[in-house]
Structure formats: structure tokens, C-alpha cells
């Protein structure tokens, strides 16, 4: 059961989110707060899995609250201000919902949270040899040494193996955290590669057999450090 709290100072927004939460199975609304101060006190004493967090609030805004949490749960920002989106994602928010929020968009964000929650709950089953992914309403065991690369597609990722392609609702960042750190690298905002499967590379591309993938400028130095390449 996914335990969630709402932090928002707008009564109409609170009622909308409460109604949405009550329509979804396996998610429990624990508390509702209209300010970040009381919410912070609650979080020090009670464990929650997900915060639906407004950004523009008095005294302490949502971003400041998120940054202050030592072991933050999953966070989905809810706000009417699109200019906060970049800052929200910079602190590893799971999603960012722009008001007015439709139920379909809300459900997609909650599905992300449920998937990540399930992965954490099943963490004892994971090791460096395989990962579990949900695809087509079933859980699949994917051997990590068979993964060639992973492609990010908006809210989904596509996992390319030697024999298959698997699509699952998840982010590249979250999936990378499940993979053996020594064997996988983020090379682009849209790609993770198995470094053991790289056949050649340049400053701008890597080759996995006949497949060419770009190296993003943001990830270039980290990738070369990982593989021990020096110019």
C-alpha cells in the first residue's frame, strides 16, 4: 500500500487531489497539510512513501521543503507555475504536474510511483545479475549482462537486449540506479549503455556492433572517466 500525504495551501487543489487519490487502488492518503512547517514535523515522525507537493506556498515553499529532507520519499510536484519545473527535476522529483491537473495525467504519475515503490519493496530480490521490470502486465526478469543499452522515451524506457526489446513505464535515472554501477553508464539524456558491449567509440558516439549512439556533452567526461579513457 502506497502511503501518501498532500501538501498544498489551495483548498480546491486539495479536494481535487483527495478525490483522485480515492479513485486509485493500493494508495492510502495519510494526511493533508496546508503549510510546509507542519508537514515537515509530521515527516520527522512518520514514514510516507510519496508526497504530492505544491511549490508556491507561504513561509517555506515546496522546493525548499524537499531540499531540507534528509531521506526524502518520492515527490510529485503539483503547481500552477511552469517556471519551477527545471528546479523541481533538479532535486530528483519523480514527476511535475502542472495545474489544472487532469486525472489521466495524475494517474500516469502515480503509476510511476507505484512501479518505483514495488521495485524498492522487492529490492531483496535484486542483485547485480538481474533486474525485475514490469511490462505488459507482468514482471520480467532481465539478466543485466544481456542488456545492450536502454533508451528513454518520455515517461517510458526501452531496454534492448541481445534477443529482445522491452518497454516499461520508468525513468532512465531510476532504472540506472538498479543496474551494476561498474557495468553501465549514462552517455546521453536518452541513453544508458552497457560498457562491456561497446565495440568502439569516439568523442561524440559509441558503437555497439552496428548500433551507433550519441554521447551528450553533459555526460561526456563522466563516461570517459568510467571507462578510463584519457585524451
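Listed residues 43, 52, 97; which is under 21 Å from residue 27 (Cα atoms), at pLDDT 85 or above and assigned to a helix (DSSP H, G or I)?
Matching residue, one of 43, 52, 97: 43.
The numbered conditions (1) crowded, with 18+ Cβ neighbours inside 10 Å; (2) under 21 Å from residue 206 (Cβ atoms); (3) in contact with a helix residue (DSSP H, G or I) (Cβ under 7 Å, 6 or more places away or on another chain) are all true for residue 131 except (2). Considering 149, 160, 191, the condition of being more than 24 Å from residue 52 (Cα to Cα), in contact with a strand residue (DSSP E or B) (Cβ under 7 Å, 6 or more places away or on another chain), touching a residue at least 60 places away in the same chain (Cβ under 8 Å) and not assigned by TED's automatic domain parsing to the domain that holds residue 17 is satisfied by 149 alone.
If the condition is being under 22 Å from residue 117 (Cβ atoms), in contact with a helix residue (DSSP H, G or I) (Cβ under 6 Å, 6 or more places away or on another chain) and surrounded by fewer than 23 Cβ atoms within 10 Å (Cβ to Cβ), then region 41-67 contributes only 49. Screening region 164-231 for strands (runs of 3 or more DSSP E) wholly inside it with 1 or more residues that are closer than 27 Å to residue 111 by Cβ and over 17 Å from the mean Cα position of the chain (by Cα) returns the ranges 165-169, 184-188, 191-194. If you go through region 9-37 and pick out every residue that is over 15 Å from residue 74 (Cα atoms) and within 22 Å of the chain's Cα centre (by Cα), you end up with 6. In summary, residue 137 fulfils each of the numbered conditions (1) free of Cβ contacts under 8 Å to residues at least 12 places away in the same chain; (2) in contact with a strand residue (DSSP E or B) (Cβ under 9 Å, 6 or more places away or on another chain) with the single exception of condition (2).
The values are calculated or read from the model by the stated rules, or taken from the named source; none is laboratory data. Note that the structure is predicted; figures quoted are calculated from it, not measured. Ideal geometry is used to build each Cβ from the backbone, glycine not excepted, and the neighbour counts take in all protein chains shown.
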